[in-house]
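Down below is the structure, laid out as structure tokens.
The values are calculated or read from the model by the stated rules, or taken from the named source; none is laboratory data. The model shown is predicted, which means the values in this text are computed figures rather than measured ones. Using ideal geometry, Cβ is built from the backbone for each residue, glycine included, and neighbour counts are taken over all protein chains shown.
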Amino acid sequence: MPGVVISTAVRTGPSSATVRESSQAFFVGLAARGPVDSATLVQSIAEFESFYGGYVSYSYLHPTVETFFEEGGTQCYVARVVGSGATSGSLVLDDSSDDPVMTISANGPGAWSSDVEITVTNPTASTFVISVALDGDVVYSTGTVTTVAQAAGRINLSSVASRYISADVTAGAATIPAPLASTALSAGTDDIANVDDAALVDGLDLFNDAYGTGAVAIPDGETAGRVAGASPYTDYDGTTKAEPTISNALIAHANAYNRIAITHAGVDDSVTEAASKSLYLSTVDGSEHGAMYYPWVDVPTTTAGVTRRIPADGYVAAKRALAHNQAGAQVPAAGLISAGRWVSGVAADINKANGDTLDLNNINAIRIIQNSVRIYGARALSFDDENFRFITTQEIVNHVVVESQRSLEDLVFGVIDGRDTIFSAITSRLIAILAPLREQGALFQAFDANGKKVDNGYTVRCDAALNPVSQLAGGTVKAKVGVRTSSVGDKIEVDIIKSNLTASVV
């Protein structure tokens, strides 16, 4: 219904003075429970667990999201994937005549539904209360209601109850449910044995363009025991490898939705094996939207002194979020800002030799620097070094594209009055997006030999030359934007010259 709807909530996640949309992350993976038909915005690991449950041994999703928040991430969208044969548990509530009046269904497939228990009490002969418990703890109550339609409405509209169950009224039901002692829903199945690359890729479809820009990753993809593909590529040593279907899909998705794809090598891949994969991915359309990181990282577990090895996706996404929130899209998630506070180690030591190999193959190394884990690279997968050497270049372009789409949306259906009013409005809105980027240093200003500014690092045109009357008559208004993105200093070279006592110091 048209109008303004305002809701309030309590935030439990990490706080930040600035939370830029571009800093958010999108994760696809397997989970103990939760919805599978929509993506969920979560802002803390506690919120993730309330929707999707705790750690499960068959998935990297939980520790990836946990690492994201522990390392400075602020918000992410999660898409849960299950097998094609997945089912959801349920429970039918009957009235005093044993006729069904309502069906309670688990919100998402899996055996977890048997941990949900429903209790029905009747304060009076014409009223009832439905209580929901998870693992023995009551998580929701409808309060006293008089009809099954009222109870179902409260359950389905509750942000708490809908995390666990949904309710459907039986057609024609006119009575209320009879008292029911605590009874579990039937157990469903998530059919994870049939989760393959195609299923994980399908999870990306839940991240539609309405969610905006950000970084996307599938930590459960292309790991040991979960690689599939029909089109092989050849490794450096001549070994035939399965096509990196997940990485291909991540890049295609990022390219289509103005996002950045975070990819990784396999847990046991050597530097040369990772380089082979990177070389293959560099040939994929839109590779400038992707970045690859090596090796995997170690994070703490609930057992003191015991760590868990996971892909670096969550760590990288978190440091990217930190950089974007503190300064902007032009700041890479590398160097000092990437110093780990939760990540405790790396799966492989990166020395000068293999570090050079990684860099030459557009792979961003994760290293131990001054006793802390740091990301030591900002390369994009693309070998178009002149235009897309650094992933921040595409980050800046993504920002301009997304903000332009949103800002100019208000001018759609504007009147073309012949006085160039709409041209001026479009120009001013585009400049309003680009000028702050120049001030932040994201766009590289040009100066001549005398120090006079040649341009601001951007140009905007929307005039009669671009918009002949014949074109305007068809309702199309065109504008042209040119940007010169700033580079990243990823190497500092210093010449140190020693002079003897009788020579001058150079």
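Of the residues making up the stretch 462-488, not one is more than 38 Å from the chain's Cα centre (by Cα), under 30 Å from A446 (Cβ atoms) and not in a loop (DSSP other than H, G, I, E, B).
Total residues in the stretch 416-460 satisfying the condition of being part of a loop (DSSP other than H, G, I, E, B) and among the charged types (D, E, K, R): the figure is 5.
Considering the conditions (1) outside the structural domain of A199 (by TED's automatic domain parsing); (2) in a helix (DSSP H, G or I), V139 is excluded by exactly one of them, (2). When D356 is tested against (1) in contact (Cβ under 8 Å) with a residue 12 or more places away in the chain; (2) outside any loop (DSSP other than H, G, I, E, B), exactly one condition is not met: (1). The single condition from (1) over 30 Å from T272 (Cα atoms); (2) outside any loop (DSSP other than H, G, I, E, B); (3) in the same structural domain as S282 (by TED's automatic domain parsing) that A304 fails is (2).
Go through the stretch 248-270 and give me each residue that's of a type outside the set (D, E, K, R) and farther than 15 Å from I218 by Cβ. Residues satisfying the conditions are N255, A256, N258, S270.
For (1) within 29 Å of A432 (Cα to Cα); (2) over 20 Å from the mean Cα position of the chain (by Cα); (3) not β-branched (V, I, T), each residue gets a yes or a no:
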{"site": "A334", "(1), (2), (3)": "yes, no, yes"}
{"site": "N351", "(1), (2), (3)": "no, yes, yes"}
{"site": "L358", "(1), (2), (3)": "no, yes, yes"}
{"site": "V373", "(1), (2), (3)": "no, yes, no"}
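Go through the residues of the stretch 341-350 one by one and say whether even a single one is closer than 20 Å to A215 by Cβ, in contact with a Leu (Cβ under 8 Å, 6 or more places away or on another chain) and buried (at least 24 other Cβ atoms within 10 Å of the Cβ). There is no residue in the stretch 341-350 that is closer than 20 Å to A215 by Cβ, in contact with a Leu (Cβ under 8 Å, 6 or more places away or on another chain) and buried (at least 24 other Cβ atoms within 10 Å of the Cβ). Please go through the stretch 85-123 and pick out each residue that is assigned to a loop (DSSP other than H, G, I, E, B) and crowded, with 16+ Cβ neighbours inside 10 Å. A86, S88, G89, D95, N107, G108, P109, G110, N122, listed by residue number. The C-beta contact set for the stretch 446-467 (first residue within 18 Å of S428 (Cβ to Cβ) and in the same structural domain as G418 (by TED's automatic domain parsing), second residue surrounded by 13 or more Cβ atoms within 10 Å (Cβ to Cβ) and of a type in the set (S, T, Y), distance under 7 angstrom, 6+ apart or interchain) comprises V460/T427; C462/T427. In this structure, P219 qualifies as modelled with pLDDT of 95 or more, assigned by TED's automatic domain parsing to the domain that holds D268 and either touching an Asp or Glu at 6+ places or on another chain (Cβ under 6 Å) or part of a loop (DSSP other than H, G, I, E, B) (or both).
Screening D417 against (1) surrounded by fewer than 16 Cβ atoms within 10 Å (Cβ to Cβ); (2) within 30 Å of G328 (Cα to Cα); (3) acidic (D, E) leaves a single unmet condition, (2). Filtered by the rule that a residue be closer than 19 Å to Y315 by Cα and surrounded by 15 or more Cβ atoms within 10 Å (Cβ to Cβ), the stretch 371-383 gives V373, R374, I375, Y376, G377, A378, R379, A380, L381. Of all residues in the stretch 124-139, those that are farther than 23 Å from Y52 by Cβ, touching a residue at least 12 places away in the same chain (Cβ under 8 Å) and surrounded by fewer than 21 Cβ atoms within 10 Å (Cβ to Cβ) total 3. If only residues of the stretch 446-475 that are basic (K, R) and surrounded by fewer than 13 Cβ atoms within 10 Å (Cβ to Cβ) are counted, the one that is farthest from F413 (Cα to Cα) is K452. Taking the conditions exactly as written (at pLDDT below 90, farther than 30 Å from N362 by Cβ and among the small types (G, A, S)), does G418 satisfy them or not? In short, yes. Out of E409, E386, E403, one residue alone is modelled with pLDDT under 95, out of contact with any His (no Cβ under 8 Å at 6 or more places or on another chain) and surrounded by 18 or more Cβ atoms within 10 Å (Cβ to Cβ). It is E403. Of all residues in the stretch 56-81, those satisfying the criterion of being of a type in the set (F, W, Y) and either without any contact (Cβ under 8 Å) to a residue 60 or more places away in the chain or not in a loop (DSSP other than H, G, I, E, B) (or both) are F68, F69, Y77.
Tallying residues that are in contact with a Pro (Cβ under 8 Å, 6 or more places away or on another chain) and hydroxyl-bearing (S, T, Y) within the stretch 341-365 yields 1.
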